[in-house]
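Read through the structure below, which is laid out as structure tokens, and then see the notes.
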Amino acid sequence: MNELIIESKGIKTDHYFIPPFELREGELVIIYLGGGTHFYDLKEQLMAIFAGRIKNENVIVTKSLTYVDYFRESKFRSLFFPVRVDEYLRKKANLESKFIQKIYEIPWINKKTKINELYWNTKRLLSLYATFSKTKYIVFELAGQGSDDAKEVCNIVRNEIKKGGGAILLDWTPDWKDDCDKFIALEWLSV
């Protein structure tokens, strides 16, 4: 049996309940939060629990997950001092990991490419590769991605965690229900 990463006996508040689940080595668990304005607040709360920053009496975190934090740059910085791929990777990635070289497999990206010139999905891939260069235990989302881009990200995650690691996808749509090891749906207790 694969090593246990997270064991949840259920997360309950006055407003919602997330049923019990386990995340084990090599697994992708999807927690379906549903769409709406609550998504980002719930995402923040759950990320903090799964990263071990906030304790929840019903959740045991054996290995903390790292959130794939997507790149944001101020308008001023993007106009006058844009961040380049190499600079971003020096700050956010383990440069000794072979995983970060994957971003350079995209033909039109090199070390001097400005991040603000990258497509939305390519920026997300850059962040994903940087995170995977440091850890194989992640929590991520697919907000703002089209179906093809989301599928590419899910395939990358699935292939990487098979080699060791684990991932939780916090999602607002049930589209990937059949492409995961466990699908957990949030239940609303009050509206």
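Residues in region 27-65 that are part of a loop (DSSP other than H, G, I, E, B) and either within 22 Å of VAL153 (Cα to Cα) or in contact with a Gly (Cβ under 8 Å, 6 or more places away or on another chain) (or both): how many?
Qualifying residue count for the region: 9.
For GLU117, only one of the following conditions fails: (1) open to solvent by 60 Å² or more (accessible area, probe 1.4 Å); (2) within 30 Å of ILE18 (Cα to Cα). What is its number?
Evaluating GLU117 over (1) open to solvent by 60 Å² or more (accessible area, probe 1.4 Å); (2) within 30 Å of ILE18 (Cα to Cα) leaves (2) as the failure.
Determine which single condition GLU57 fails, assuming it passes every other condition in (1) more than 22 Å from the chain's Cα centre (by Cα); (2) more than 24 Å from ALA167 (Cα to Cα).
(2)
In this structure, does GLY35 turn out to be in contact with a strand residue (DSSP E or B) (Cβ under 8 Å, 6 or more places away or on another chain) and either open to solvent by 40 Å² or more (accessible area, probe 1.4 Å) or of a type outside the set (A, V, I, L, M) (or both)?
Working: in contact with a strand residue (DSSP E or B) (Cβ under 8 Å, 6 or more places away or on another chain): no; either open to solvent by 40 Å² or more (accessible area, probe 1.4 Å) or of a type outside the set (A, V, I, L, M) (or both): yes.
Considered against the rule, which asks whether it is in contact with a strand residue (DSSP E or B) (Cβ under 8 Å, 6 or more places away or on another chain) and either open to solvent by 40 Å² or more (accessible area, probe 1.4 Å) or of a type outside the set (A, V, I, L, M) (or both), GLY35 comes out as no.
Please find, within region 94-114, the residue that is surrounded by the most Cβ atoms within 10 Å (Cβ to Cβ) out of those that are closer than 27 Å to SER147 by Cα, of a type in the set (A, V, I, L, M) and modelled with pLDDT of 90 or more. Steps first, answer last, please.
Let us first name the residues in region 94-114 that are closer than 27 Å to SER147 by Cα, namely 99-110, 113-114.
Okay, now just the ones that are also of a type in the set (A, V, I, L, M), so 100, 103, 106, 109.
Retained after the next criterion (residues that are modelled with pLDDT of 90 or more): 103, 106, 109.
Working: ILE103: 24, ILE106: 14, ILE109: 17.
Across region 94-114, the extreme among qualifying residues is ILE103.
Yes or no: region 39-50 includes at least one residue that is in contact (Cβ under 8 Å) with a residue 24 or more places away in the chain, closer than 23 Å to GLY144 by Cβ and of a type in the set (Ser, Thr, Tyr).
Checking region 39-50: not a single residue is in contact (Cβ under 8 Å) with a residue 24 or more places away in the chain, closer than 23 Å to GLY144 by Cβ and of a type in the set (Ser, Thr, Tyr).
Inspect all residues belonging to region 139-151 and state whether any of them is acidic (Asp, Glu) and loosely packed, with under 14 Cβ neighbours inside 10 Å.
To start, the set of residues in region 139-151 that are acidic (Asp, Glu) comprises 141, 148-149.
Checking the rest, the ones that are also loosely packed, with under 14 Cβ neighbours inside 10 Å come to 148.
So far as region 139-151 goes, yes, one or more of its residues are acidic (Asp, Glu) and loosely packed, with under 14 Cβ neighbours inside 10 Å.
Contact list please: Cβ distance under 9 Å, first residue in region 67-86 and loosely packed, with under 11 Cβ neighbours inside 10 Å, second residue part of a helix (DSSP H, G or I), pairs at least six apart or on different chains.
LEU79/ASN116
Does region 165-191 hold any residues that are among the hydroxyl-bearing types (Ser, Thr, Tyr) and within 13 Å of TYR32 (Cα to Cα), and which are they? I'd like the intermediate steps shown before the answer.
If we filter region 165-191 for residues that are among the hydroxyl-bearing types (Ser, Thr, Tyr), which is where we start, we get 173, 190.
Of everything in region 165-191, just one residue is among the hydroxyl-bearing types (Ser, Thr, Tyr) and within 13 Å of TYR32 (Cα to Cα), namely THR173.
The values are calculated or read from the model by the stated rules, or taken from the named source; none is laboratory data. Remember, it's a predicted structure, so these values are computed and weren't measured experimentally. Backbone-built Cβ (ideal geometry, glycine too); neighbour counts: all protein chains shown. Calculation scope for accessible area: heavy atoms of the full protein, side chains included, ligands and nucleic acids excluded. Shrake-Rupley method; radii C 1.70, N 1.55, O 1.52, S 1.80 Å.
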